[in-house]
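Visitor: Take this structure, written in structure tokens, and hold onto it; I'll ask about it next.
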Amino acid sequence: MSIKKRILTGITTSGTPHLGNLTGAVLPAIKASQDANTSSFLFLADYHSLIKNSDPSLTHNSSFEVAACWLSCGLDPNKVVFYRQSDIPHIFELNWILGCLTAKGLLNRAHAYKAAVSENQSSKQKDFDKGINMGLFNYPVLMSADILMFNADIIPVGQDQKQHIEMTRDIANRFNHHYGEVFSIPEALIDDETGVLPGLDGQKMSKSYNNVIPVFSESKKLRKTVMKIKTNSLEPGEPKSSEGCSIFTIYKAFASKNEIDTLTKEYENGIAWGEAKEILFEKLDSSLSGYRVEYEKIMNDRSYVEQILIAGSEKAKDVSTPIINKVRKAVGIKGFAKL
Ligand code: TRP
């Protein structure tokens with residue numbers, strides 16, 4: 001038996017990879033996967049994508065783009081288990097089993113569901129559940145199945161996912177208590193604020209806020225996007241604060257200590273916003289160009305990506321098969337006699 005800690009994280013495939021994904025999830029996960037004392041399970045949460053999106057081409061294209069992003073940023077498929085959620089039917093079987101022992105009241109308290117209800121309430125809807133599908137309601141159960149299916153120990157996630165990990169722990173404990181010890185109890189590894197990038201409007205960079213800088217747009221387009229970052233109305237020559245400034249915060253995620261010190265001074269000296277944006281653009285353009293070359297190559301070789309994911313799903317199933325067998329047996333789903 002391996003004593004390596006299992007790290008597992010998923011990324012929902014509902015958009016084009018952006019800088020927030022890169023600094024908050026992709027690069028830290030790849031770095032963590034290089035630690036010989038851990039084994040990493042990284043997957044595309046493609047069925048999670050259906051919760052908020054019913055456009056098949058968006059789900060499909062995003063799955064491919066996200067896979068290509070991980071691969072072009074240095075994920076080594078020989079070192080990690082890299083797979084698509086949809087290729088592992090055991091996850092969906094477990095999803096049902098866990099759903100049957102999860103209190104509805106627990107899910108009533110999930111932040112995402114509560115936010116949707118309160119939006120209905122404040123817009124004076126008669127039906128507080130209007131527009132809410134069972135996918136959104138059951139989201140935390142599917143996420144628990146993703147995690148428990150592999151008996152993962154450590155789950156690196158953003159602060160917004162903390163409650164889901166707590167629910168996973170609850171559900172795992174409930175299962176173990178009732179049916180006997182099957183699941184490890186996972187722990188969240190919450191990234192600190194340094195991993196969180198602001199978007200064009202200063203809020204957290206996120207597809208839902210429509211404020212993202214894509215990782216892989218070509219130079220001209222990247223420059224155009226950077227120029228859209230909102231700033232205050234301070235004039236050139238007026239000293240500016242680098243703290244809390246989106247341009248500066250994004251720059252910091254890519255620049256060296258010296259470069260950061262230099263830009264800090266330029267802010268104090270009243271750099272013009274246009275100039276600061278130019279500096280940020282140059283930094284991003286040069287930092288991303290290596291990834292971009294790889295990405296272009298991978299994007300043109302769909303069968304390469306497909307083969308990697310299929311091989312990954314085989315490795316994943318080697319791990320999930322004994323666990324789902326144990327689960328089935330524990331709940332009483334098993335053969336009547338050995339034939
Ligand atoms: N819900 C996560 C997000 O949107 C993605 C996800 C799905 C996930 N299943 C997971 C993350 C399991 C960690 C573990 O960020």
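Visitor: Note down all Cβ pairs under 6 Å where the first residue falls in the range 276-289 and is closer than 10 Å to Arg223 by Cβ, the second is open to solvent by 30 Å² or more (accessible area, probe 1.4 Å) and part of a helix (DSSP H, G or I), and they're at least six residues apart or on different chains.
Guide: So the pair list comes out as Phe281/Arg223; Asp285/Ser219.
Visitor: What number of residues within the range 195-214 are open to solvent by less than 10 Å² (accessible area, probe 1.4 Å) and modelled with pLDDT of 95 or more?
Guide: Count: 3.
Visitor: Now a separate question. Residues Asn258, Asn232: which one is out of contact with any His (no Cβ under 9 Å at 6 or more places or on another chain), farther than 26 Å from Glu294 by Cα and not in a loop (DSSP other than H, G, I, E, B)?
Guide: Asn258
Visitor: Within the range 46-58, which residues are surrounded by 21 or more Cβ atoms within 10 Å (Cβ to Cβ) and assigned to a helix (DSSP H, G or I)?
Guide: His48, Ser49, listed by residue number.
Visitor: Continuing with this model, one more query. Kindly provide the set of residues from the range 75-112 that are open to solvent by 30 Å² or more (accessible area, probe 1.4 Å) and of a type in the set (Phe, Trp, Tyr), ordered by number.
Guide: Phe92, Trp96 - these are the residues of the range 75-112 that are open to solvent by 30 Å² or more (accessible area, probe 1.4 Å) and of a type in the set (Phe, Trp, Tyr).
Visitor: State the number of residues belonging to the range 151-165 that are near the ligand (Cβ under 10 Å from one of its atoms) and either assigned to a loop (DSSP other than H, G, I, E, B) or surrounded by fewer than 18 Cβ atoms within 10 Å (Cβ to Cβ) (or both).
Guide: 3
Visitor: Among the residues in the range 237-252, are any within 30 Å of Thr9 (Cβ to Cβ) and of a type in the set (A, V, I, L, M)?
Guide: Yes.
Visitor: Restricting attention to the range 127-150, and to residues there that are among the aliphatic types (A, V, I, L, M) and outside any helix (DSSP H, G or I), which single residue is most open to solvent (accessible area, probe 1.4 Å)?
Guide: Out of the qualifying residues, it is Ile132.
Visitor: Give me the pairs, please: first residue somewhere in the range 64-90 and within 14 Å of Val26 (Cα to Cα), second residue anywhere and among the small types (Gly, Ala, Ser) and in a loop (DSSP other than H, G, I, E, B), beta-carbon distance under 6 Å, and either six or more positions apart or on two chains.
Guide: Pairs that qualify, where the first residue is within 14 Å of Val26 (Cα to Cα) and the partner is among the small types (Gly, Ala, Ser) and in a loop (DSSP other than H, G, I, E, B), are Val80/Ser33.
The values are calculated or read from the model by the stated rules, or taken from the named source; none is laboratory data. From a predicted model like this one, the values you see are computed outputs, not experimental measurements. No Cβ is skipped: glycine too gets one built from the backbone with ideal geometry, and neighbour counts run over all protein chains shown. The area values use the complete protein model at the heavy-atom level, side chains included, leaving out ligands, DNA and RNA. Shrake-Rupley method; radii C 1.70, N 1.55, O 1.52, S 1.80 Å.
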